[in-house]
Each structure stands twice: as structure tokens, then as C-alpha cells.
């Protein structure tokens with residue numbers, strides 16, 4: 001089942017039989033359409049079980065908003081929904097369940113069983129559960145306003161503590177003997193950068209790996225935020241030094257600043273991304289040693305990449321070993337030819353397929 005835009009020319013998403021109840025299926029369909037049309041809203045699951053399934057299926061944390069007073073619970077939820085920052089954060093990262101004091105018996109029993117198993121306290125107003133691991137991630141008591149709720153969520157939900165000063169990061173790499181992970185990004189305009197962040201960098205597995213394995217450095221090239229002049233100059237020099245042509249590009253260096261390899265956006269979430277990163281940071285990528293972790297469809301680690309016919313590949317898989325597109329290269333520059341199929345897409349400034357500020361081609365007669 002395909003969801004198309006109004007003129008029937010763009011696929012917004014797809015679905016099919018997923019062995020789930022009607023309300024779950026409809027909620028997933030609404031989310032698919034909202035993501036494509038950027039109609040941000042808070043997704044309140046029908047009940048706790050639906051919220052757990054939604055979180056596990058989409059890799060979201062489950063936020064339980066536990067109301068103890070039936071009189072003001074609906075008003076409080078409306079206040080949360082009206083807070084733009086909460087709506088944006090919940091839309092991108094959370095499945096939300098409003099645990100009402102007058103819920104039906106089945107839902108209350110499931111809540112009580114979760115509480116007994118996960119050991120969250122009776123006075124917890126906000127409870128974050130990781131549905132994939134089925135464990136309690138965090139809990140918080142009453143907060144005085146939706147703004148405080150957003151602040152607590154931003155501090156609590158998984159996130160990488162990026163450094164921005166390259167010299168500071170290099171000193172830390174030498175001190176800990178860990179490689180540097182330089183993420184070149186256009187955080188507020190690059191579509192592929194936003195997907196890499198939401199699908200990989202904000203996931204718990206990725207955050208835990210990065211904390212132990214690398215020194216993460218974000219080198220940003222935003223358009224709607226003014227960076228300090230020293231950061232703009234630093235990022236520009238590093239972009240030139242490491243010959244970065246498009247975004248996102250992730251460069252791995254050893255503590256002596258030797259390039260170990262590069263990565264970018266790839267489908268599949270944190271597991272294949274971490275697998276490739278481990279292969280690069282181990283040094284095996286420099287010696288072409290067969291990787292211990294093979295990422296299907298990744299030219300750097302999959303020995304069968306490019307051996308099967310094009311018809312056997314997924315629609316988005318191509319045969320290029322270059323994860324970035326060099327502007328002006330007719331093999332990948334969309335201004336010269338239609339956008340190629342690439343297993344590791346990046347966003348090049350001016351590319352109308354991912355840069356919202358790029359000039360749009362005008363059709364004849366329009």
C-alpha cells in the first residue's frame with residue numbers, strides 16, 4: 001500500500017499487513033503522512049500496549065505521562081501539546097501514552113505489571129521506557145511547566161556529547177588513545193544530515209558506543225544559526241583539509257591525525273552504522289582486511305557488493321564506492337543528470353532534492 005501526494009507523483013510512504021490492530025495501523029499511517037508533510041504533532045498511542053509496540057517498531061522511547069488527578073489531567077495534556085518544543089521533540093523521538101487515573105481495567109493492570117517489573121516509583125509523573133530493551137530508562141517527578149518537561153527530556157534522552165573545538169578534541173584523543181569522529185554536517189538545512197542524526201546519532205546503542213569508543217566532534221555549517229567566528233574559520237579549514245565535498249561526511253582519525261576512513265548516511269539504523277565505524281576505527285579499512293562485521297550493501301564491508309544484477313538490488317542501492325557527490329561531476333550532480341541511486345547519499349549545498357534553500361526548477365507553463 002503506497003501513500004502518494006496530492007498529484008499522485010511522489011511516494012510519501014508505504015505500508016501493508018503488519019499483524020497489528022486497526023488503531024495501531026491507523027496511527028502508523030497518520031505518522032507516515034505527517035512526516036512527509038511536516039505536520040508535526042504529538043503521537044498519543046491508544047493504550048500502553050500500543051505504545052510499547054509503536055516504540056519498539058519505530059525505535060522510539062516511550063514516554064508515559066502519569067496523571068493522578070482526573071480533573072486536571074486533560075488540561076495538562078493540552079498544555080503539553082500546545083508547547084512547540086515539546087511537540088517537535090515528541091514528533092521526532094517519542095511514542096507518548098497518557099496514563100489516566102480512570103483508564104480501563106486492562107490498561108491499569110498492564111501499567112501495574114510494568115511498574116512491578118521495571119521498578120518505577122509511585123510518584124513518578126514522567127516515565128521513559130526503552131521498548132526495544134524493555135527496561136526503565138528514566139523517571140521524573142512533577143515539573144512546574146511544559147518548558148521544564150522539555151528541558152528534562154532534552155537532558156535525559158540519549159544524545160552524544162559533541163565537542164566543537166578541534167584542538168580540545170585532539171588533546172582528549174591523545175590523552176585517552178581513542179580515535180576522533182569528525183561529523184561534517186549542515187544541521188539546520190541538510191536533509192540527509194537530519195536523517196543521520198535521528199536514525200543513528202540519537203539512538204541509545206550509538207550513544208553508548210560513542211561514549212566508549214571515540215571522541216565525537218561536530219563541525220557544523222548551518223544557515224539559520226550564526227556560529228562564533230573562530231568556529232566558522234576552524235570548520236572551513238578542516239573541511240578543506242580533509243577534502244569534504246558534501247554533507248553528511250564523517251571522518252575518522254587516529255590520535256596522530258591519520259585518516260582511518262570515512263562514513264556518512266546509510267540505511268538500517270545504528271547497528272550497521274556502528275559495524276562500519278568499528279571496521280574503520282580498528283584500522284582494518286586501511287589494509288583492506290576482511291571485516292569482522294559485514295554491512296550488506298555497503299561497498300566498504302560487503303564483499304558481494306556490486307556482484308549481483310541491478311534488478312536484484314533494493315531501489316536505493318547503487319554501485320558507487322564514493323559516499324559523497326562532487327559538484328559538477330556528471331555521474332552524480334543532479335544539475336547535470338537526474339540524481340543517481342546511491343547507497344550512501346549525502347546532501348551537497350544547492351541540491352534541490354535535499355537542500356530546502358536550493359532554487360527550484362520551473363516547469364514549462366507554470
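A few comments on the model shown:
- Residue check for residue 156: within 23 Å of the chain's Cα centre (by Cα) and without any contact (Cβ under 8 Å) to a residue 60 or more places away in the chain: yes
- Checked against the criterion of being out of contact with any strand residue (DSSP E or B) (no Cβ under 7 Å at 6 or more places or on another chain), closer than 21 Å to residue 42 by Cα and not assigned by TED's automatic domain parsing to the domain that holds residue 53, the candidates 226, 211, 132, 199 yield just one match: 199.
One line per residue, one yes/no per condition, for (1) touching a helix residue (DSSP H, G or I) at 6+ places or on another chain (Cβ under 8 Å); (2) part of a helix (DSSP H, G or I); (3) more than 25 Å from residue 153 (Cα to Cα); (4) at pLDDT 80 or above:
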| residue | (1), (2), (3), (4) |
| --- | --- |
| 7 | no, no, yes, no |
| 13 | yes, no, yes, no |
| 40 | yes, no, no, no |
| 50 | yes, yes, no, yes |
| 53 | yes, yes, no, yes |
| 62 | yes, no, no, yes |
| 78 | no, yes, no, yes |
| 81 | yes, yes, no, yes |
| 101 | yes, no, no, no |
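- Filter pass, residue 170 being surrounded by 13 or more Cβ atoms within 10 Å (Cβ to Cβ) and modelled with pLDDT of 95 or more: yes
- Residue check for residue 148: closer than 30 Å to residue 200 by Cβ, touching a helix residue (DSSP H, G or I) at 6+ places or on another chain (Cβ under 6 Å), at pLDDT 90 or above and loosely packed, with under 15 Cβ neighbours inside 10 Å: no
- Search result, residues across segment 216-231 that are surrounded by fewer than 14 Cβ atoms within 10 Å (Cβ to Cβ) and either part of a loop (DSSP other than H, G, I, E, B) or in contact with a helix residue (DSSP H, G or I) (Cβ under 9 Å, 6 or more places away or on another chain) (or both): 224, 225, 226, 228
The values are calculated or read from the model by the stated rules, or taken from the named source; none is laboratory data. Small disclaimer: the values here were computed from a predicted structure and weren't measured. Positions of Cβ are backbone-derived with ideal geometry, glycine not excepted, and every protein chain shown enters the neighbour counts.
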